[in-house]
There are 4 protein chains.
Amino acid sequence: MHLTTGLSPMPCLTTDAAGVYVISVTPFADDGRLDLASADRLVEFYLERGADGLTLLGMMGEAPKLTRDESIAFVARILESVAGRVPVVVGVSGSGYASMRELTEAVMERGAAGVMVAPPPHLRSDEQILGYFAGVAEAVGAGTPFVLQDFPLSTGVVLSAAVIAQIARAHSNCVMLKHEDWPGLAKISALRQAEGRGDMPRISILTGNGGVFLPEELARGADGAMTGFGFPEMMVDVLRAHRDGEADYARDLFDAYLPLARYEQQPGLGLAVRKYVLAQRGAMASAALRAPGPRLSRDDIEDIECLLARQARRLRELEH
Amino acid sequence: MHLTTGLSPMPCLTTDAAGVYVISVTPFADDGRLDLASADRLVEFYLERGADGLTLLGMMGEAPKLTRDESIAFVARILESVAGRVPVVVGVSGSGYASMRELTEAVMERGAAGVMVAPPPHLRSDEQILGYFAGVAEAVGAGTPFVLQDFPLSTGVVLSAAVIAQIARAHSNCVMLKHEDWPGLAKISALRQAEGRGDMPRISILTGNGGVFLPEELARGADGAMTGFGFPEMMVDVLRAHRDGEADYARDLFDAYLPLARYEQQPGLGLAVRKYVLAQRGAMASAALRAPGPRLSRDDIEDIECLLARQARRLRELEH
Amino acid sequence: MHLTTGLSPMPCLTTDAAGVYVISVTPFADDGRLDLASADRLVEFYLERGADGLTLLGMMGEAPKLTRDESIAFVARILESVAGRVPVVVGVSGSGYASMRELTEAVMERGAAGVMVAPPPHLRSDEQILGYFAGVAEAVGAGTPFVLQDFPLSTGVVLSAAVIAQIARAHSNCVMLKHEDWPGLAKISALRQAEGRGDMPRISILTGNGGVFLPEELARGADGAMTGFGFPEMMVDVLRAHRDGEADYARDLFDAYLPLARYEQQPGLGLAVRKYVLAQRGAMASAALRAPGPRLSRDDIEDIECLLARQARRLRELEH
Amino acid sequence: MHLTTGLSPMPCLTTDAAGVYVISVTPFADDGRLDLASADRLVEFYLERGADGLTLLGMMGEAPKLTRDESIAFVARILESVAGRVPVVVGVSGSGYASMRELTEAVMERGAAGVMVAPPPHLRSDEQILGYFAGVAEAVGAGTPFVLQDFPLSTGVVLSAAVIAQIARAHSNCVMLKHEDWPGLAKISALRQAEGRGDMPRISILTGNGGVFLPEELARGADGAMTGFGFPEMMVDVLRAHRDGEADYARDLFDAYLPLARYEQQPGLGLAVRKYVLAQRGAMASAALRAPGPRLSRDDIEDIECLLARQARRLRELEH
């Protein structure tokens, strides 16, 4: 549904993209080395749980900790593992246009479906934001679909609905908004209304925030989620129930996962929580973050184990 | 337990303060005027639900929107209504020392139990923070207990456990930490350990964040919560179950309220959600925020009503 | 020239305002008390040196350190001393609309010519900025002229020329831009061009930055300066020479004062430098800042005395 | 004097480093390509004017706009041109430790004398800063001297004198402070006093800010300057006069250059001014900045030409 498959067998990101794009973690060995073997396991883990796409080198992908060569090696390995089964989006934020262009070319020629760009923290006025993304649209190339990442809590940059609409109008390769205003439900409504009025082309809207506002986001017109969470099946199942018109069941499922999802949303520590859960579930060999990064305390692990046990119990209750 | 009752009948905040201190909203009429009549209703609402204390003019109290005279009038009215039944803490942040001293004197002589101060946003280094709070300790007066408010998400100021310990050591009138790092569980542990080592005097730690990390915070040694939420009985009941050793039941209750508590934790919109709930529950006449402030859309209200209905159902299930 | 004198003898700020509006310091005694007697001396000092207007409670006026009553008392005293000889603008930034309205009414009824408002630090998108100033225009009242203060280095808020034009179009009581982008010469040009194209009404532009870009700002179309500096005659004389077409002499004068003006432009310490110079020149009794504020070291004072001696020598050379 | 020349002919940065280390621009062709031919001309230009060292890829070196390979190619070319005549420091800020280690190794093995690191913008508490630089000291390697760059106006990170002393104590490879607090004269004094008390090892202190506080910085104990300015001979000559005890002549020279130096200190536009001046002086082929970057307007160029003419005239006057 979200693939354009013309002459090429490669999935390409379009404005119709929908479903659950899992923000992948980047696996490291305990000594901090990139663990490419676990990359394969991660792919199978995510796809078995129903991922419609993967996103690499996002903010929860520890991208700034990788060298350029490591970034490319990791993306290449994931793309090989995925082998075209789902589209793969790659984050290319956080560096000048030259490095952005270089990384974009490297991943697109290896089969990525598109790239994702967040605004750098110094942008303030609408004029600055529009100027920056004009440069992005050119740097990634007119033929490369890009995702506009809107994450004010992390970047400090505020993208109004009006500015997003202007970017979408100006650059046809802006095909998707990764919506991570917190939660910014009104922004989703405003964008869908702007589309309805013809003020902007339709773009895909996938939401972030670890999924903790997913039911409300879907109700406002989001096409799905692009986020991580140790249990990606939550997003997949909630989305399926939503599409099937079973709103109440969607919320029952959501509520069952919410205590853990909330715990995973802690700034700083959250990624360590997520990696712990993924490693426990066998998705990768080690829960290690590359330095600098937090480590879980014994108390943290007790919290998580308690949440996991309660979540499992609640899910069993819902099955009946 | 949290009262010092010597010669004076006025409750005074001490390092033993514990329980649930509700961050009170400030009620306005639909036209934006301060609604003092609703202040009385609010007091009864909060006390009936088990509040151990009240906190006025906090960040969720729209304090910067009030004139000085309105601030004093509101505090005076609440103090009259409370009539010494529980301690009342008053936020005096956000202005120079002269205004802070003036407001502190005005509320303490009317019977407040203490004041609360958050660091202003420009503070960076430990040296700057320590210097600022030395001025605070003097401005509020050595005889006035004060609460150190640690809310980095809002202030941008990072208070390490070491700095908090230094402030507590240096100023005996610093009797409480309002802990609102998000969630900063490790900070609670670090402070309790510092106390255990004798590196700092014992202070009360009440936690914020709308209560959405309450079970974990209590497990780390928090003495209770100082936060708002349209259902303050959640914090009261969770705390009671925790003290009674019924950790699992505490979490069951917590989980039942979590979907709404999460929805109320939206930056910006959250206060409008809280006021809507409080007005619906009869705690005050109008849900209005004074300008500038967000308004709920029809979609927002639908979300809330759905969450309220599901919460009521879940609570009924737990009763059985 | 910059006065509208209809039925009322009070000067009122208009879009034709020009010349040098000196940002007045607020004098304190050594013990931190407001020194109203020095307020009278300051007025005579500034007017004797050619000030075309005065601005009180600006960022260099230690406004946040004053209580409301002190603010009003200081403004009232200055207005009495000035007695209508020049227009007096009063800063009312930094608080909610209710306090802004209250202070505005208090100073306008005592004879202020207008008020000045800087955007609060949390504003980011154009939409947020426009919304905020719509509230300002209403809070100060349609009949009260206001100055838009653009000082990104201090506020962190970026006002593009387009946004300033929108504010000027939307609110006819926005009569002046206090331009303190650093130095933002292009913004002056852009605004004058927008006026020329009819995209915005003409507004007065007075520049800040302690005068250290004054020659270039005048060349781009500024109407004068609104800033402090221990030697306000620098701005007055440079402006006069500029108007007389003696650009080179204007720069000679400017260059003579620049080493000290630069030294006074230090963030934090600069105000202590300015107050030291003013007290040395007899403009007020004490150089003290109210706490919290920096104190000059012996080294700082040596620097200043050296700069003063060299400046005096250079000015004598220029006289010949 | 600032070289350690043991078995190796390569200059190595030590705590005795002194003099003028020029922050080199990075030359681009008009079409944005790296202009390595101009790199050679730049080296000769800087050395002929008396540079005691060069610093590459600083904040004014457009480092974030270069790819990794371009960075290495540029450094390599400069090192070849310099051929050991002066030490060359390379900025390696702004990326994770892995990229920092990689770039450090690449430039050190080609003959760089040391590297420079600024704190990333998210650091707040002393604890966070100390933790970060512990990682830096390890990432660059114990054998690699590093410069701690303190530039709060750009990074938003405040390094107190106490924290700098702690870093210097903890990491013997921290050999220099690039001091660019604005102007932070008191910090220089505090550090020299801490050295005197034995609270920290002696480190070199070179100052930034485009040289606009150089006389005062030298008086406080700075060892020289590490900054750019289109006329590096200003720093060289002021420093020489200062060392020769001709303080007044040092200030005469300084004052002659100050109007242009001030104009070059404009945030954003300043680098375009500097490159214009350097290109006019024949130091490189094009004044172009790589996108995104500002362009000078005709008005800007008029300003600069006027400043250049007046500066030349004033310098001629001083010769007599």
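The values are calculated or read from the model by the stated rules, or taken from the named source; none is laboratory data. Computed from a prediction, not measured in an experiment: that's the story for all the values here. Because the Cβ atoms are built from the backbone with ideal geometry, glycine has one as well, and the counts that use them run over all protein chains shown. The protein model used for the area step is the full one, side chains on, heavy atoms only, and it has no ligands, DNA or RNA in it. Shrake-Rupley method; radii C 1.70, N 1.55, O 1.52, S 1.80 Å.
When all protein chains stay in place and ligands, DNA and RNA are ignored, the 1.4 Å accessible-area order of A:Tyr21, C:Tyr132, C:Tyr249, largest first, is C:Tyr249, C:Tyr132, A:Tyr21. With bins 5 Å wide beginning at 0, the percent of Cα pairs of region B:227-276 falling in each bin runs 5, 22, 28, 18, 14, 8, 4, 0.
Note on region A:120-201: Rg/Rh from C-alpha atoms, Kirkwood Rh, equals 0.94. Here is the size of region D:105-251 from its Cα atoms: Rg then Dmax, 15.5, 45 Å. With the simple spin-label model, which puts each label point 7 Å out from Cα in the Cβ direction, the C:Asp40 to A:Ala73 separation comes to 8.0 nm. All Cα-Cα distances of region B:34-81, cut into 5 Å bins from zero to the largest, leave 5, 20, 31, 28, 12, 4, 0 percent in each bin in turn.
Pairwise Cα distances in region C:231-320 exceed 21 Å in 36 percent of cases. Note on the protein assembly as shown: with charges restricted to the Cβ of Lys and Arg (+1) and Asp and Glu (-1), its dipole about the Cα centre is near 0 debye. Rounded to the nearest 20 debye, the dipole magnitude of region B:125-234 is 220 debye, with +1 charges on Lys and Arg beta carbons, -1 on Asp and Glu beta carbons, and the Cα centre as origin.
Buried between D and A is an accessible area of approximately 1000 Å², summed over both sides with a 1.4 Å probe. Under 5 Å from the amide H of D:Met10 lies no amide H of any residue 5 or more positions distant or on a separate chain, with H modelled from the backbone and absent for Pro and chain starts.
Share of carbon and sulfur in the accessible area of region A:136-244 stands at 49%, probe radius 1.4 Å.
Relative contact order of region A:162-320: 16 percent, from C-alpha pairs under 8 Å at least 6 residues apart in sequence.
Placing a label point 7 Å from the Cα of B:Arg169 along the Cα-to-Cβ direction, the residues of region B:184-204 whose backbone N falls under 20 Å from that point are B:187-204. Overall, the accessible surface of region D:1-118 at a probe of 1.4 angstrom is composed of carbon and sulfur to the extent of 54 percent. In this assembly of identical copies, the label point of B:Asp199 (Cα plus 7 Å along Cα-to-Cβ) is separated from its counterparts by 2.1, 5.4, 5.7 nm, sorted shortest first.
Per-residue SASA remark: A:Cys12, around 50 Å² accessible (1.4 Å probe; ligands, DNA and RNA not included). Would you tally the net charge around B:Gln193, using a Cβ to Cβ cut-off of less than 11 Å, leaving B:Gln193 out, and scoring K and R as +1, D and E as -1? Taking every Cβ under 11 Å from that of B:Gln193, the sum is +2. Taking the helices alone, chain D has a mean residue ellipticity at 222 nm of -14500 deg cm²/dmol, built from -39,500 (n - 2.57) per DSSP H run of at least 4 residues and averaged over all its residues.
Our summary of shape: the Cα atoms of region D:103-156 have principal axis extents of 34, 21, 14 Å, ordered from largest down, in whole angstrom. Consider a paramagnetic label point 7 Å from the Cα of A:Ala29 along Cα→Cβ; state which residues of region D:81-107 have an amide N under 15 Å from it. From region D:81-107, the list is empty.
Put a dot 7 Å past the Cα of D:Ala291, heading toward its Cβ, do the same for B:Ala142, and the two dots end up 6.6 nm apart. Counted over the protein assembly as shown, the DSSP beta bridges are approximately 5% antiparallel. Calculated translational diffusion coefficient of region C:86-134 (10 °C, 1.306 mPa s; Stokes-Einstein with Kirkwood radius over alpha-carbon pairs) equals 135 µm²/s.
Kirkwood analysis of the Cα pair distances in region C:167-320 returns a hydrodynamic radius of 17.0 Å.
Size descriptors for region A:193-246, from the alpha-carbon set: Rg then Dmax equal 12.3, 38 Å. Taking all C-alpha pairs of the protein assembly as shown, those more than 66 Å from each other amount to 6 percent. When nucleic acids and ligands are ignored and a 1.4 Å probe is applied, B:His122 ends up with an accessible area of around 130 Å².
For chain B, modelled as a Gaussian network with Cα springs under 10 Å, which listed residue fluctuates most, B:Gly208, B:Gly53, B:Gly143? Most flexible of the set in this elastic network: B:Gly143.
Amide H contacts of D:Ala225 (H built 1.01 Å from N, in plane; Pro and chain starts excluded): D:Gly19, D:Val20, D:Tyr21, D:Thr207 sit under 5 Å, all sequence-distant by 5 or more or on other chains. Cα convex hull, region D:160-203: 56 Å³ per residue, rounded to a whole number. In order along region D:271-288, phi translates into HN-Hα couplings of 5, 5, 4, 4, 5, 4, 4, 4, 5, 4, 7, x, 6, 7, 6, 10, 8, 5 Hz, rounded to whole numbers, per the Karplus curve 6.51 cos²θ - 1.76 cosθ + 1.60 with θ = phi - 60° and x for Gly and Pro. Under 5 Å between amide hydrogens, built in the peptide plane, is the criterion, and for D:Gly91 it picks out D:Leu56, D:Leu57, D:Gly58, D:Met116 among residues at least 5 positions away or on other chains.
Note on C:Lys187: lysines with a C-alpha under 16 Å away, same-chain residues under 8 apart excluded, are C:Lys178. Karplus-based coupling profile of region D:226-235, in residue order and whole Hz: 10, 6, x, 3, x, 10, x, 4, 4, 4, with θ = phi - 60° in 6.51 cos²θ - 1.76 cosθ + 1.60 and x standing for Gly or Pro. Sequence-distant contacts, meaning Cα pairs under 8 Å at least 6 residues apart, place the relative contact order of region B:201-295 at 22 percent. Buried on complex formation within region B:291-313 (loss of at least 50 square angstrom of accessible surface versus the isolated chain, 1.4 Å probe, ligands and nucleic acids ignored): B:Asp303, B:Arg310. Our estimate of slack between C:Glu109 and C:Ala134, defined as 0.36 nm per intervening residue step minus the Cα-Cα distance, is 6.8 nm. The average projected area of region C:1-135, computed from the convex hull of its Cα atoms over all directions, is 9.0 nm². Using a probe of 1.4 angstrom and keeping all protein chains present, the accessible surface of chain D works out to 35 square angstrom per residue.
In this simple spin-label approximation, B:Arg202 and D:Glu319 carry label points 7 Å from Cα along the Cα→Cβ vector, and these lie 8.0 nm apart. What the phi angles of region D:176-182 give under the Karplus curve with 6.51, -1.76 and 1.60, with θ = phi - 60°, is a coupling list of 8, 9, 8, 8, 9, 4, 10 Hz, glycine and proline written as x. Considering only alpha-carbon pairs that sit under 8 angstrom and 6 or more positions apart, the relative contact order computed for region D:1-151 is 23 percent. Projected onto planes of every orientation and averaged, the convex hull of the alpha-carbon atoms in chain C covers 15.5 nm².
Say R0 is 35 Å: what FRET efficiency, to the nearest 0.05, do C:Glu48 and C:Ser154 get from their beta-carbon distance? Working from the Cβ atoms, E equals 0.75.
Springs join every pair of Cα atoms under 10 Å in this Gaussian network model of chain A, and among A:Pro145, A:Pro215, A:Pro120 the largest mean-square fluctuation is at A:Pro120. Per-residue SASA remark: C:Ser99, around 20 Å² accessible (1.4 Å probe; ligands, DNA and RNA not included).
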